[in-house]
Amino acid sequence: MRRSYAQTVTGDVLELSLTLDKASVGDHLENPYELTITEGIRDAWHGCFYQHDRLYTSDVFAQKLGFSKMLLPFSFLLHTAGAVSHADDRRKVLDVGIEQAVYEKPAYIGDTIRKEYYIQDLRTTSDGESTLLKVKCALLNQKNDRVFSMSKTMLFEGTTSKSGTRDMRRPPRAPAKPSSAVLEKISHRSAALSRSNALARLHEGQLILHSLARPIGSSMGMILSTMFRMTHPSLFNTKRFGNESVLVPGGVMLSQVHACAARGLYEILYEELEHAQLLNPISPTDLIGAISYVHAIREHPENPDLEEVELQTWGIKGLDVAHELRSLEIPIDVFSSAPQKRSELEAKLERSCPQLHGKVVSNHYRRLVRQSPRSETMFLL
């Protein structure tokens, strides 16, 4: 007897992504990837994002502060931690915000980094049509030391979690911010540094128009997504989304805004991102610039030679900030240390500063540690 065979076959799409119908608060999301950070990866990053802070560019400077060699940049780890490889590629997934991004222990070239994710919050949106997922993201090295951590919120459009109603509970208080061995070492060793490395004095109430502005670029956006194992089609698939609708990953957007602000804030010894909101999407060809508003400056509690600066940085798209905003009067009440909702900020800008309406792509509230400046000024070429 001859066996009969079908004349056609249909394809299976292997589902390797996170599905929210079974997710619940407290779940550990397995991430099987490990990445050994090479000089090539670090150099590719520096080729995309301006970085002049010597802790990330000079072995000699880093050794003065007690580290074995230069550290991997803060923004590099921020993007690495937020580069989720298992987002549901059947749905539109958007990065919404970041909280408590802390550089906990030194991370170096040659380290092998792996990720851990834990679901902190899971809730259906008020319209009942999408789901907000908040995950704790941690980077661990080959010694199992946690070197970096943050919380990240994502919006899964058009999908709801069956357990969403059950999981709509917030903890009674926000989790404690992790301590940083990196900051501790810097605060104890900063006396070894030269005292003439502050470009300018910052003061409370100051608005800084950062002069650097540049687009990510289509090729570089895809390279950075691929390098960090991101697979969502909205980052690559020009057939489905079109050239103008392909998105830039949230971590790349945040890193680009930090890079645009880096020269004017030189020299940052340590930073924490208290919170950030991604307010408007950008395409790879959008020109991105930045402005920063200084909320507070105070002496570092453990070292009078250092100062802590709390400032708010906005990513701005489609404007040559240093030229087009030079004479623009911006109401102070649009700036806030609290997280900002897109609808509320856009309403304020439309009413009191229409030149920036629809132009603010991200809001970052950061805590920086710098040397307390003296009268000497060093000019960066």
* Structure fact -> Selection from the stretch 192-227 of residues in contact with a strand residue (DSSP E or B) (Cβ under 9 Å, 6 or more places away or on another chain), open to solvent by 40 Å² or more (accessible area, probe 1.4 Å), at pLDDT 80 or above and over 25 Å from Ser336 (Cα atoms) yields Arg214, Pro215
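Does at least one position in the stretch 60-68 carry a residue that is open to solvent by less than 50 Å² (accessible area, probe 1.4 Å) and charged (D, E, K, R)?
no
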* Please give the number of the condition Thr80 fails out of (1) hydroxyl-bearing (Ser, Thr, Tyr); (2) in a helix (DSSP H, G or I); (3) surrounded by fewer than 23 Cβ atoms within 10 Å (Cβ to Cβ). => (3)
* Asked: Which residue, of Ser75, Ser68, is of a type in the set (Gly, Ala, Ser) and over 23 Å from the mean Cα position of the chain (by Cα)?
  -> Ser68
* Asked: Hey, any hits in the stretch 262-272 for a residue that's part of a strand (DSSP E or B) and open to solvent by 10 Å² or more (accessible area, probe 1.4 Å)?
  -> yes
* What are the pairs, 6+ residues apart or on separate chains, where a residue within the stretch 264-286 that is among the polar types (S, T, N, Q) and at pLDDT 95 or above has its Cβ under 6 Å from a residue that is part of a strand (DSSP E or B) and open to solvent by less than 20 Å² (accessible area, probe 1.4 Å)? -> Gln277/Gly97; Gln277/Asn363
* Asked: Is one or more of the residues making up the stretch 321-340 of a type in the set (Gly, Ala, Ser), closer than 30 Å to Ser218 by Cα, open to solvent by 50 Å² or more (accessible area, probe 1.4 Å) and free of Cβ contacts under 8 Å to residues at least 12 places away in the same chain?
  -> no
* Structure fact -> Taking the stretch 105-121 and keeping residues within 24 Å of Leu133 (Cα to Cα) and open to solvent by less than 40 Å² (accessible area, probe 1.4 Å) leaves Ile113, Lys115, Tyr117, Ile119, Asp121
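So how many residues does the stretch 34-51 have that are part of a helix (DSSP H, G or I) and either within 15 Å of the chain's Cα centre (by Cα) or among the aromatic types (Phe, Trp, Tyr) (or both)?
Count: 2.
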* Does Gly26 satisfy the criteria of being surrounded by fewer than 20 Cβ atoms within 10 Å (Cβ to Cβ), at pLDDT below 95, farther than 27 Å from Thr153 by Cα and more than 15 Å from the chain's Cα centre (by Cα)? -> no
* Has the stretch 328-337 got at least one residue that is under 22 Å from the mean Cα position of the chain (by Cα), closer than 24 Å to Glu99 by Cα and of a type in the set (Gly, Ala, Ser)? -> yes
* Asked: So which of Thr57, Thr36 ends up being free of Cβ contacts under 8 Å to residues at least 24 places away in the same chain and of a type in the set (S, T, N, Q)?
  -> Thr57
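Residue by residue, here is whether (1) basic (Lys, Arg); (2) open to solvent by less than 10 Å² (accessible area, probe 1.4 Å); (3) assigned to a helix (DSSP H, G or I) holds:
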residue: His295; (1), (2), (3): no, no, no
residue: Glu308; (1), (2), (3): no, no, no
residue: Thr313; (1), (2), (3): no, yes, no
residue: Glu350; (1), (2), (3): no, no, yes
* To do: Would you confirm whether any residue within the stretch 181-188 is in a strand (DSSP E or B), buried (at least 18 other Cβ atoms within 10 Å of the Cβ) and at pLDDT 95 or above?
  => no
* Hey, Val248 hits all of (1) in contact with a Gly (Cβ under 7 Å, 6 or more places away or on another chain); (2) at pLDDT 90 or above; (3) part of a loop (DSSP other than H, G, I, E, B) but one; which does it fall short on? -> (2)
* **Search result, residues across the stretch 122-156 that are charged (D, E, K, R) and open to solvent by 30 Å² or more (accessible area, probe 1.4 Å)** => Arg123, Asp127, Glu129, Lys134, Lys136, Lys143, Asp145, Arg146
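Let's see how each residue does on (1) within 20 Å of Ile288 (Cβ to Cβ); (2) free of Cβ contacts under 8 Å to residues at least 60 places away in the same chain:
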{"position": "His46", "(1), (2)": "yes, yes"}
{"position": "Phe67", "(1), (2)": "no, no"}
{"position": "Val93", "(1), (2)": "no, no"}
{"position": "Ile98", "(1), (2)": "yes, no"}
{"position": "Ile113", "(1), (2)": "no, no"}
{"position": "Tyr118", "(1), (2)": "no, no"}
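The values are calculated or read from the model by the stated rules, or taken from the named source; none is laboratory data. For clarity, every value in this text was computed on a predicted model and none was experimentally measured. Positions of Cβ are backbone-derived with ideal geometry, glycine not excepted, and every protein chain shown enters the neighbour counts. Calculation scope for accessible area: heavy atoms of the full protein, side chains included, ligands and nucleic acids excluded. Shrake-Rupley method; radii C 1.70, N 1.55, O 1.52, S 1.80 Å.
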